[in-house]
Amino acid sequence: VGNRVRGVLDYGEVELVQACGDDLTPVAAARTSYAGRNGDEGRDRKLLRYLATNGHYGPFEFIDATWRVKAPLFVARQWMRHRTGSYNEFSFRYAEPTKLNDEDEIHYYTPRLWRSQHNVDRQLSGEARDNEVGYQRQMQTAILAYRTAIAGGVSREQARLYLPSSVYTQFWYKTNMRNLLHFLSLRLDSHAQEETRQFAEAISEDVKENWPLVWELFEEGLFV
Ligand SMILES: Cc1cc2nc3c(=O)[nH]c(=O)nc-3n(C[C@H](O)[C@H](O)[C@H](O)COP(=O)(O)OP(=O)(O)OC[C@H]3O[C@@H](n4cnc5c(N)ncnc54)[C@H](O)[C@@H]3O)c2cc1C
């Protein structure tokens, strides 16, 4: 795979760093069931569709992929609820988050617009509203407190308590196609948080590019 970095939100990034298996890997895995030989392209596609349509998701576990993700802490927290992935995350104990960029800054997420609380669904946002007053000031105050604590000799593992959930972190996420499509079905959904959805959309672009046949079946709603 090419190392294409997709920008998300203001400082977020999604990069497919490695992948194993193509669209027809599930077909090859499935044929083991009856020691079958490779088919022609038409038969392969037909079998791929058959697997998805009939809920034979196991063979899709033979496609593996790993992404590097730079996302705000609150997005990462939602992401890592998906237990079927493997993760390794940047350590705020080991290093300061200034290390996550070349500018010696602490990147935090600033929404382009603020949303009102949804008036029916208690977990969703509603319409756009005026920009929140004082956000930048609050963030700068928090970052100054963090830097002051570090400069004053406080450990990084404790100084981070000053940092808000808007601060960016970085992690590697490895999963297989079956679990990835489950992740996407939940996080592309209109009930997912908008910011997390944008990361799921960036991941989807990689799926579309690298596994177009699988993506087609996913778009038809064959994976749950
Ligand atoms: C819109 C939305 C709102 C949410 N709101 C909340 C919330 O308010 N509070 C909250 O805590 N979480 C919330 N979550 C997180 C949600 O409950 C799941 O933890 C998260 O979506 C991961 O889904 P999953 O468990 O299916 O995925 P994975 O952890 O990747 O698991 C995939 C599948 O593997 C199986 N599996 C994995 N682990 C187990 C297990 N231990 N036992 C049995 N089967 C297992 C299940 O079939 C599961 O669907 C929300 C998620 C979404 C999308």
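Overview of results
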{"quantity": "Residues with amide H under 5 Å from that of Gln18, placed H, sequence gap 5 or more", "calculated": "Thr66"}
{"quantity": "Sum of -39500 (n - 2.57) over DSSP H runs of 4+, divided by residues of the chain (222 nm, nearest 500)", "calculated": "-11000 deg cm²/dmol"}
{"quantity": "Rounded tilt (10° steps) of 135-151 against the dominant C-alpha axis of the chain", "calculated": "80"}
{"quantity": "Segment 121-219, accessible surface, carbon-and-sulfur percent (1.4 angstrom probe)", "calculated": "46"}
{"quantity": "Per residue solvent-accessible surface (Å²) - the chain, probe of 1.4 Å", "calculated": "58"}
{"quantity": "Hz values of 3J(HN,Hα) by residue in segment 175-189 - Karplus curve (6.51, -1.76, 1.60), Gly and Pro given as x", "calculated": "7, 10, 4, 4, 6, 5, 5, 5, 4, 5, 5, 7, 8, 8, 5"}
{"quantity": "For Ser166, solvent-accessible area (1.4 Å; no DNA, RNA or ligand), Å²", "calculated": "10"}
{"quantity": "Three-way shape label, segment 85-224, alpha-carbon gyration tensor, a/c 1.5", "calculated": "oblate"}
{"quantity": "Farthest positive-ward along segment 1-157 dipole, Cα basis, beta-carbon charges - from His118, Met139, Phe92", "calculated": "His118"}
{"quantity": "Solvent exposure, largest accessible area first (probe 1.4 Å, DNA, RNA and ligands not counted), of Val154, Val207", "calculated": "Val154, Val207"}
{"quantity": "20 Å Cα-Cα reach of Lys174 towards lysines, excluding residues that sit fewer than 8 places from it in its own chain", "calculated": "Lys70, Lys208"}
{"quantity": "FRET efficiency, 1/(1 + (r/R0)^6) with R0 30 Å, evaluated for Glu205 and Asn54 via beta carbons", "calculated": "0.60"}
{"quantity": "Length-normalised contact order for segment 142-224 - Cα pairs under 8 Å, 6+ apart - percent", "calculated": "22"}
{"quantity": "With all protein chains modelled, accessible area of His56 [1.4 Å, Å²]", "calculated": "80"}
{"quantity": "Computed magnitude of the charge dipole of segment 97-224 (debye, nearest 20; Cβ of K, R +1, Cβ of D, E -1)", "calculated": "620"}
{"quantity": "Modelled FRET efficiency - R0 45 Å, Ser116 with Thr148, Cβ distances, 0.05 increments", "calculated": "0.85"}
{"quantity": "Gaussian network model of the chain, springs between alpha carbon atoms under 10 Å - residue of Arg45, Arg122, Arg156 with greatest fluctuation", "calculated": "Arg122"}
{"quantity": "Linear extension gain, Lys46 paired with Arg197, 0.36 nm per residue minus alpha-carbon span", "calculated": "51.3 nm"}
{"quantity": "Solvent-accessible surface (1.4 angstrom probe) belonging to Trp114, in square angstrom, nearest 10", "calculated": "60"}
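The values are calculated or read from the model by the stated rules, or taken from the named source; none is laboratory data. The structure presented is a predicted model; accordingly, all values stated were derived computationally and were not measured. Here the Cβ is made from the backbone with ideal geometry for all residues, glycine too, and neighbour counts use every protein chain on show. Note: accessible area is taken over every heavy atom of the protein model, side chains too, but ligands, DNA and RNA are not part of it. Shrake-Rupley method; radii C 1.70, N 1.55, O 1.52, S 1.80 Å.
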